[in-house]
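The structure under discussion is supplied below as structure tokens; questions concerning it will follow.
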Amino acid sequence: MVQAAVQSANSVDQGDDRPWVGRSIERVEDAALLSGGGRFIDDLGVAPGTLHATILRSPHAHADILSIDIEAAKRLPGVTAVLTGEAVKAVTTTLVVGVKAPVECWPIAMDRVRYVGEPVAVVVATDRARAEDAAELINVEYRPRGAVVDPLGALVSGAPVLHDGFPGNLASERAFRYGDPEKAFADAPHRFSIDIRYPRNSCTPIETYGVVASHDAGEDAYEVLANFQGPFSIHTVIARALKVPGNRLRLRTPPDSGGSFGVKQGVFPYIVLIAAAARVTGRPVKWIEDRLEHLTASVSATNRATTLSAAVAADGKILALDWDQVEDCGAHLRAPEPATLYRMHGNMTGAYDIRHVKIRNRVVVTNKTPTGLNRGFGGPQVYFALERLVQRIAISLKLDPLDVIKRNLIDAGAFPYRTATGALLDSGNYQEAVARAAAQGRLAELKARRDEARAQGRLYGIGFTAVVEPSVSNMGYITTVLTAAERRKAGPKNGAQATATVGLDPVGSVTVHVASVPQGQGHRTVLSQVVADVFGLQPKDIRVNTEIDTAKDAWSIASGNYASRFAAAVAGTAKLAAERVAGRLARIAASQLNVEAADVVFARGFVASKHNPENRIAFSRVAALSHWSPGSLPDDAGQTIRETVFWTPPELTPPDEDDRINSSLCHGFIFDFCGVEIDRVTLETRIDRYVTMHDCGTILHPGMVNGQIRGGFAQALGAALYEEYAYAEDGSFLTGTLADYLLPTTTEVPEPEIFHMETPSPFTPLGAKGVGEGNCMSTPVCLANAVADALGVADITLPLVPARLAELVRGAEPPAPAGGATAAPAREGDRQLRGEGQASVKGAPEQVWAMLLDPNTLQSVIPGCQRVDKVTDTHFRADVTLGIGPVSGRYRADVELFDLDPPRAVTLRGGATGALGFGNAEGRITLAPDGNGGTKLTYNYDAAIGGKVASIGGRLLDGATRVIIGQFFTALARRAGGGGAEGGGLSLFALLAKVASLFGGRR
Amino acid sequence: MTRLKADARHSVRFTLNGRPAEGEAEPRMLLSDFLRHQLGATGTHVGCEHGVCGACTIVVDGMLTRSCLTLAAQADGCDLKTVEGLAPSADRLGVLQQAFRRNHALQCGFCTAGILMSLDHYLAKNSAPTEAETRDLLSGHICRCTGYTPIIQAALEAAAKLASSKKETSDA
């Protein structure tokens, strides 16, 4: 499949007058990136004396902080400061919350933690390693609370409540009604419903967050460099939290950013945190997030529980929709949430002509990482429900799923089309796109493949999806969460200001600046094409800068890279700016060439007369004139040194009195279909063919458009088949490494067959629409529909991992037969460690018993034990250092002995805490003479763990436990004078002091 | 084996892209951090620090190596090659790099250095890899931007080009 045409047009014919826009020219960004010359945030130097921060994070999903002892950490050489919530509170104020409620939202825990990974302390030191050393010395005492991780569970009466200001964990509830849905449902012959649980996932850029902050005490001004991606409405949130006006928060971005996909919007609480640390220390402070931090606590897409019902006519025509959405925003409602829920509000009818809609939206908080921007932003959740329901309607009415899609598509003659909920769909021809895709993607042949596969007894299915892809968000859509009365009080919010600056320097070379903050999309290249076309130059003549500096550059709240706004809004605004300059240059040139300005044309590096091309002047000469000889410019020309254009589309109006909102400016169309085969034995899903048809308006750079489609497809494939931010019931985070959170690689991602249609948008300067997010909306449900078709099942939950499909196909796994060696079967998400084993030690039971209860012996035989203190005869405290896989750390264990039956048996129960996690365990050890003067020890244990150790993967725990137990018995035997462990496993005191402490479990 | 004091800095010397390089490192310092922050060779990137993403891949004594899973001290006396050593000169790209640019095989470019190193190493020994072999080789790298196909295409195209230029050389 690699032969697909992705090659660039690298041969440039100088005499070619075709426009540059629309060509796949090579990217100006690439030479540096390919030779190690990228300038990502951690590649840039910092000021001498810059300090480095590390963040101590909560191992608990929900707990009160009883005390934080930072003294030992502060005493460590190289440590400059340790900031707890109190210290941060002294110099900042709470982050704005997106709904009206008496809640606070801090970037660091104040007196309570609400998710695993929530910052608890910031350590600032001369280097990162020392800061991390110090963080391990901080002793935090927690009192755990009950945790809730399920959005519907959070609403149940009696569920643990996260914030008093959100009674019953409900942060927002609104009901909407468009048309007459009650009547439509009452009159319709059919009603179909679907319940969906959309999981948590993230696009996980390979570069993590980074922040460098400093504070000028004299002017009380902050300067921050961060790989933030926008929207710059967040600048106001940061400045407010830092208690400075906007002009005292200078926010800059580095030249390169290693992917974002929305995720780097979520760096903003850390900007506040690190800026606070800079203020407290009076020094620049740098922080680079690590991967565990990123997976655990950066930001996540929302998970959502949806019930969607449709009133349907006999022919499959959908007459009305009834949405009930419960959005899970995690532990805090961080700006701009609950935007994920409202981004799609104008598009709740998808690509379909449905006039009656009812919506109930609830936003809940749970003990999970706060949510934020993620590619697709609300689209995957909505379309998964809608397009699964369309398939269900077809199956129930015994209709072809594609026929049901076609019956409901908005008519080609209806554009611009106002949806029931308020979106103004700009342009399209959905029927034509579907027809072309079916033909070019060889749908008939795919169906024959399915028939053939099924005839051979194979599991093969076909899925379809039709999706409207919104782009260029209305900055006012989020206010739909407020009632009309609340909106009147708050003042109107709408529009989406894009900015672009075109400058000409004294030798007439052209510079372009935009506030689009790319993370690899190639904005600099496309802008050079757009502006080169206006000036009759070549892209290499145009130098584009996409860094942003809020102290110097033109920007607004809509600046940044999100909602697929670049091609539609930013590139178009650059065109307008260049055209404004060109208009003035034309007047200047006209006076020099003695022609009318209307007769002036820009081509091949010259400004010339259309009628007499020989009458011309070099572009650079005209362009430089404003610098060298302003006096010789025609009076009406004005300067041509620099022009900044601000552009906001008039179509982006605020929500109306009836809550109709044009939530986005542009609406592309996607029609996907795919064939998948599921292996009968492994239940692995293999994509046989994936066809994706896009109409994103005018295509500016085909190679980049296909790059966006492929990249989105690969991420969506991950979301459909592999990826989930998994939590245990107690809120422990279970996928803290890339070996647990599985991302698709070269061997999992097939090449989709991409087709295009171009229906220009009438609302954008270049006719372009966004294209970056569509497959994240269409592909997960398209694959799910295909899998449902293959398996003949009604309910599908993502990700489609084989274990989940096995349950669908074969039912739940039966319990293991009785009498097995190890204890109860593990449940999904169960972090219980259970085991049993035995060991032989020389010496009579009485002798071994005495050793096991002697602190000095224990200290010498417990691996990594620093000290054991005897509190009472049956109560011990121990400090141990233990390594599990790559993560080693110190733990404080507290163990008590029960049911003593000397020298035959004892039960140990205890818990342990450390920077890497916490745990509780219980074990019973029995001692018996082995007949040779020695002792046979038999033990069983039951332990559970939480915190960082849980996140890095249960994969490692069993093995590590066995190694540690083995070390314990070997040392015990050596101490007793010979013998050793049989097998391995956890044991008594080892379990206790060391392991137990570490892994521990039940409360 | 030499035992290094944990709390002291030790001199580390190796050859980096054909030139001698030297710096000081605590025993616990990772090779990736040493390259980036001590030597300023920031082309090698760090994406996960647990060996899965492949962004930090370099060549040490002819072996592909995750520099995030290697201590700087381990590289003492070794011969290292990083992305900074791929281009024939500062203003020219090598065959593989050109193929990446032509095929839009990168977007943000953060993972690219590791992928280039794996391919450069592999293509030197395998002049005519199949698509399946190339996909298998690169399964140890994660790219979140491209969807991989352009990378595979660039690799195959570079392989063909390198093979034909080798043939021309040997024919001549």
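The values are calculated or read from the model by the stated rules, or taken from the named source; none is laboratory data. Predicted model, so just to flag it, every value in this text is computed and none were measured. We place every Cβ from the backbone using ideal geometry, glycine too, and count neighbours over all the protein chains shown. Remember, those area values only see protein heavy atoms, side chains included, never the ligands or the DNA or RNA. Shrake-Rupley method; radii C 1.70, N 1.55, O 1.52, S 1.80 Å.
Just checking, how many residues over segment A:799-826 are at pLDDT below 60 and loosely packed, with under 11 Cβ neighbours inside 10 Å?
Of all residues in segment A:799-826, those at pLDDT below 60 come to A:818-826.
Adding the requirement that they be loosely packed, with under 11 Cβ neighbours inside 10 Å leaves A:818-821.
Total satisfying the criteria: 4.
May I ask you to list the residues in segment A:227-241 that are of a type in the set (D, E, K, R) and free of Cβ contacts under 8 Å to residues at least 60 places away in the same chain?
Across segment A:227-241, there are no qualifying residues.
Now, a different point. For segment A:188-237, name all the residues that are within 14 Å of another protein chain (Cβ to nearest Cβ) and out of contact with any strand residue (DSSP E or B) (no Cβ under 8 Å at 6 or more places or on another chain).
A:CYS203, A:THR204, A:PRO205, A:ILE206, A:GLU207, A:GLN229
Return the pairs, sorted by first residue and then second, in which the second residue is modelled with pLDDT of 80 or more and charged (D, E, K, R), the first residue lies in segment A:933-953 and is more than 30 Å from A:GLY843 (Cα to Cα), the beta carbons are less than 8 Å apart, and the residues are 6+ apart or on different chains.
Qualifying pairs under 8 Å: A:GLY946/A:ASP730; A:LYS948/A:ARG57; A:SER951/A:ASP740; A:ILE952/A:ASP740; A:GLY953/A:ASP740.
Condition test on B:LEU156, is it open to solvent by 30 Å² or more (accessible area, probe 1.4 Å), aliphatic (A, V, I, L, M) and within 7 Å of chain A (Cβ to nearest Cβ)? Quick ask: steps written out before the conclusion?
Numbers: open to solvent by 30 Å² or more (accessible area, probe 1.4 Å): yes; aliphatic (A, V, I, L, M): yes; within 7 Å of chain A (Cβ to nearest Cβ): yes.
Considered against the rule, which asks whether it is open to solvent by 30 Å² or more (accessible area, probe 1.4 Å), aliphatic (A, V, I, L, M) and within 7 Å of chain A (Cβ to nearest Cβ), B:LEU156 comes out as yes.
Still on this structure, I have one more. Could you grab me the full set of residues in segment B:85-107 that are surrounded by fewer than 20 Cβ atoms within 10 Å (Cβ to Cβ) and facing another protein chain (nearest Cβ under 7 Å)? Walk me through how you get there before you give the answer.
Kept after step one, since they are surrounded by fewer than 20 Cβ atoms within 10 Å (Cβ to Cβ), are these residues of segment B:85-107: B:87-95.
Passing the criteria: B:ALA87, B:LEU93.
Hey, does segment A:68-77 have a residue that's within 12 Å of chain B (Cβ to nearest Cβ) and at pLDDT below 95?
no
Is there a residue being open to solvent by less than 30 Å² (accessible area, probe 1.4 Å), more than 14 Å from A:LYS948 (Cα to Cα) and either β-branched (Val, Ile, Thr) or outside any loop (DSSP other than H, G, I, E, B) (or both) anywhere in segment A:724-734?
no
Has segment A:430-446 got any residue that is farther than 23 Å from A:ARG689 by Cβ and either assigned by TED's automatic domain parsing to the domain that holds A:MET348 or touching a Gly at 6+ places or on another chain (Cβ under 8 Å) (or both)?
Kept after step one, since they are farther than 23 Å from A:ARG689 by Cβ, are these residues of segment A:430-446: none.
Scanning segment A:430-446, I find no residue that is farther than 23 Å from A:ARG689 by Cβ and either assigned by TED's automatic domain parsing to the domain that holds A:MET348 or touching a Gly at 6+ places or on another chain (Cβ under 8 Å) (or both), so the answer is no.
Okay, moving on. Restrict the check to segment A:748-770 and report whether at least one residue is open to solvent by less than 10 Å² (accessible area, probe 1.4 Å) and β-branched (Val, Ile, Thr).
Checked against the condition, which is being open to solvent by less than 10 Å² (accessible area, probe 1.4 Å) and β-branched (Val, Ile, Thr), segment A:748-770 yields at least one hit.
Next up: Restricting to segment A:34-53, name every residue that is without any contact (Cβ under 8 Å) to a residue 60 or more places away in the chain, in a loop (DSSP other than H, G, I, E, B) and at the interface with chain B (Cβ under 8 Å from one of its Cβ atoms).
Answer for segment A:34-53, where residues must be without any contact (Cβ under 8 Å) to a residue 60 or more places away in the chain, in a loop (DSSP other than H, G, I, E, B) and at the interface with chain B (Cβ under 8 Å from one of its Cβ atoms): A:SER35, A:GLY36, A:GLY37.
Look at segment A:735-747 and say how many of its residues are farther than 18 Å from A:VAL116 by Cα and within 8 Å of chain B (Cβ to nearest Cβ).
5
Given the options A:SER559, A:SER471, A:SER528, A:SER516, name the one that is assigned to a helix (DSSP H, G or I) and crowded, with 21+ Cβ neighbours inside 10 Å.
A:SER528
The rows are residues; the columns are (1) within 22 Å of A:THR501 (Cβ to Cβ); (2) surrounded by fewer than 19 Cβ atoms within 10 Å (Cβ to Cβ); (3) among the acidic types (Asp, Glu).
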| residue | (1), (2), (3) |
| --- | --- |
| A:ALA637 | yes, no, no |
| A:ILE641 | yes, yes, no |
| A:TRP647 | yes, no, no |
| A:ARG660 | no, no, no |
| A:SER663 | no, no, no |
| A:CYS666 | no, no, no |
| A:ILE670 | no, no, no |
| A:ARG686 | no, yes, no |
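Every residue, every condition in (1) closer than 27 Å to A:VAL363 by Cβ; (2) within 14 Å of chain B (Cβ to nearest Cβ), yes or no:
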position: A:ALA239; (1), (2): yes, no
position: A:ARG248; (1), (2): no, no
position: A:ASP256; (1), (2): no, yes
position: A:PHE268; (1), (2): yes, no
position: A:ALA276; (1), (2): no, no
position: A:ALA297; (1), (2): yes, no
position: A:ALA310; (1), (2): yes, no
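Tally the residues that are out of contact with any Asp or Glu (no Cβ under 8 Å at 6 or more places or on another chain), without any contact (Cβ under 8 Å) to a residue 60 or more places away in the chain and of a type in the set (A, V, I, L, M, F, W, C), restricting the search to segment B:57-94.
Qualifying residue count for the region: 9.
Out of (1) within 23 Å of B:GLY51 (Cβ to Cβ); (2) more than 9 Å from chain A (Cβ to nearest Cβ); (3) of a type outside the set (Ser, Thr, Tyr); (4) open to solvent by 50 Å² or more (accessible area, probe 1.4 Å), what's the single condition that is false for B:LEU69?
(2)
I would also like to ask the following. Within segment A:680-687, identify whether any single residue is within 23 Å of the chain's Cα centre (by Cα), more than 10 Å from chain B (Cβ to nearest Cβ), in contact (Cβ under 8 Å) with a residue 40 or more places away in the chain and not in a loop (DSSP other than H, G, I, E, B), and answer yes or no.
Looking through segment A:680-687, none of the residues is within 23 Å of the chain's Cα centre (by Cα), more than 10 Å from chain B (Cβ to nearest Cβ), in contact (Cβ under 8 Å) with a residue 40 or more places away in the chain and not in a loop (DSSP other than H, G, I, E, B).
Filter segment A:43-57 down to residues that are open to solvent by 30 Å² or more (accessible area, probe 1.4 Å) and over 30 Å from A:ARG112 (Cα atoms), then give me how many there are.
Selection size over segment A:43-57: 6.
For segment A:140-153, check the following and say yes or no: at least one residue is within 14 Å of another protein chain (Cβ to nearest Cβ), part of a helix (DSSP H, G or I) and among the hydrophobic types (A, V, I, L, M, F, W, C).
Keep residues of segment A:140-153 that are within 14 Å of another protein chain (Cβ to nearest Cβ), which gives none.
No, there is no match, as no residue in segment A:140-153 is within 14 Å of another protein chain (Cβ to nearest Cβ), part of a helix (DSSP H, G or I) and among the hydrophobic types (A, V, I, L, M, F, W, C).
So A:GLY168 clears everything in (1) at pLDDT 95 or above; (2) on the phi < 0 side of the Ramachandran plot except one condition, right? Which one?
Every listed condition holds for A:GLY168 apart from (2).
Further question: If we scan segment A:715-727, do we find a residue that is touching a Gly at 6+ places or on another chain (Cβ under 6 Å) and either more than 14 Å from every other protein chain (Cβ to nearest Cβ) or not aliphatic (A, V, I, L, M) (or both)?
no
Can you name every residue in segment A:507-547 that is of a type in the set (Gly, Ala, Ser), within 17 Å of A:SER24 (Cβ to Cβ) and over 25 Å from the mean Cα position of the chain (by Cα)? Talk me through it step by step, then tell me what you get.
Restricting attention to segment A:507-547, the residues satisfying the condition of being of a type in the set (Gly, Ala, Ser) are A:508-509, A:515-516, A:520, A:522, A:528, A:532, A:536.
Now narrow it down to the ones that are within 17 Å of A:SER24 (Cβ to Cβ): A:520, A:522, A:528, A:532.
Once the filter is applied, which keeps residues that are of a type in the set (Gly, Ala, Ser), within 17 Å of A:SER24 (Cβ to Cβ) and over 25 Å from the mean Cα position of the chain (by Cα), segment A:507-547 yields A:SER528, A:ALA532.
Okay, moving on. Kindly list, by first and then second residue, each pair from a residue in segment B:142-167 that is in contact (Cβ under 8 Å) with a residue 60 or more places away in the chain to a residue that is of a type in the set (S, T, N, Q) and assigned to a helix (DSSP H, G or I), limited to pairs with Cβ atoms under 9 Å and residues at least 6 apart or on different chains.
Going by the 9 Å Cβ cut-off, the qualifying pairs are B:ALA158/B:GLN97; B:ALA158/B:GLN98; B:LYS161/B:GLN98.
Determine whether segment A:777-791 contains at least one residue that is part of a loop (DSSP other than H, G, I, E, B) and open to solvent by 10 Å² or more (accessible area, probe 1.4 Å).
No, there is no match, as no residue in segment A:777-791 is part of a loop (DSSP other than H, G, I, E, B) and open to solvent by 10 Å² or more (accessible area, probe 1.4 Å).
Return the residues of segment B:45-66 that are within 14 Å of another protein chain (Cβ to nearest Cβ) and in a loop (DSSP other than H, G, I, E, B); say none if nothing qualifies.
The answer is B:HIS45, B:VAL46, B:GLY47, B:CYS48, B:GLU49, B:HIS50, B:GLY51, B:VAL52, B:CYS53, B:GLY54, B:ALA55, B:CYS56.
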